[in-house]
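This is the structure I want to talk about, given as structure tokens.
The values are calculated or read from the model by the stated rules, or taken from the named source; none is laboratory data. Please read all numbers here as calculations on a predicted model, not as lab measurements. Glycine gets a Cβ as well: all are built from the backbone with ideal geometry, and neighbour counts include every protein chain shown.
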Amino acid sequence: MIGLLLGVAALGGGFIGARDFVKRRLRFVDAAQKPSAPVVAGVAATAIGTVAAALPVLSIPIAVAFGLGVGTGWASGQRAPSDT
């Protein structure tokens, strides 16, 4: 049960963090707006998460959930209108 909650938290945190970062900080960066950018960001986040999976609390599925959240959040941030 704790693993499921950690996975949901990793997915949601990755999504919200990436969406806000792309929407606010990277809105004028052309490379961040390419269609392949969410895939690259998701794979990179998964790779970083698998390194953190060496900790006893985290596991590979949590790292994959984090990468999936970052990739979908990045794609959502690309399409979202800026608040400013």
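Residues of the range 45-84 being of a type in the set (D, E, K, R) and free of Cβ contacts under 8 Å to residues at least 60 places away in the same chain, which ones?
Result: 79, single match.
Continuing with the same structure: If you go through the range 19-42 one residue at a time, how many are among the β-branched types (Val, Ile, Thr) and free of Cβ contacts under 8 Å to residues at least 24 places away in the same chain?
So the answer is 2.
Taking the conditions exactly as written (more than 11 Å from the chain's Cα centre (by Cα) and either modelled with pLDDT of 90 or more or among the small types (Gly, Ala, Ser) (or both)), does residue 9 satisfy them or not?
Yes.
Hey, any hits in the range 12-35 for a residue that's assigned to a helix (DSSP H, G or I), more than 14 Å from the chain's Cα centre (by Cα) and either crowded, with 19+ Cβ neighbours inside 10 Å or of a type outside the set (Lys, Arg) (or both)? Spell out the reasoning first.
If we filter the range 12-35 for residues that are assigned to a helix (DSSP H, G or I), which is where we start, we get 12-24, 31-33.
Filter once more, keeping what is more than 14 Å from the chain's Cα centre (by Cα): 24, 31, 33.
Imposing the further condition that a residue be either crowded, with 19+ Cβ neighbours inside 10 Å or of a type outside the set (Lys, Arg) (or both) reduces the set to 31, 33.
Within the range 12-35, one or more residues are assigned to a helix (DSSP H, G or I), more than 14 Å from the chain's Cα centre (by Cα) and either crowded, with 19+ Cβ neighbours inside 10 Å or of a type outside the set (Lys, Arg) (or both).
Of everything in the range 36-53, what is surrounded by 15 or more Cβ atoms within 10 Å (Cβ to Cβ) and not in a helix (DSSP H, G or I)? Give them in sequence order.
Listed by number, the list holds a single entry, 53.
Sort out which residues of the range 54-67 are crowded, with 18+ Cβ neighbours inside 10 Å and of a type in the set (A, V, I, L, M, F, W, C), and write them in order of number.
Result: 58, 62, 63, 64, 65, 66.
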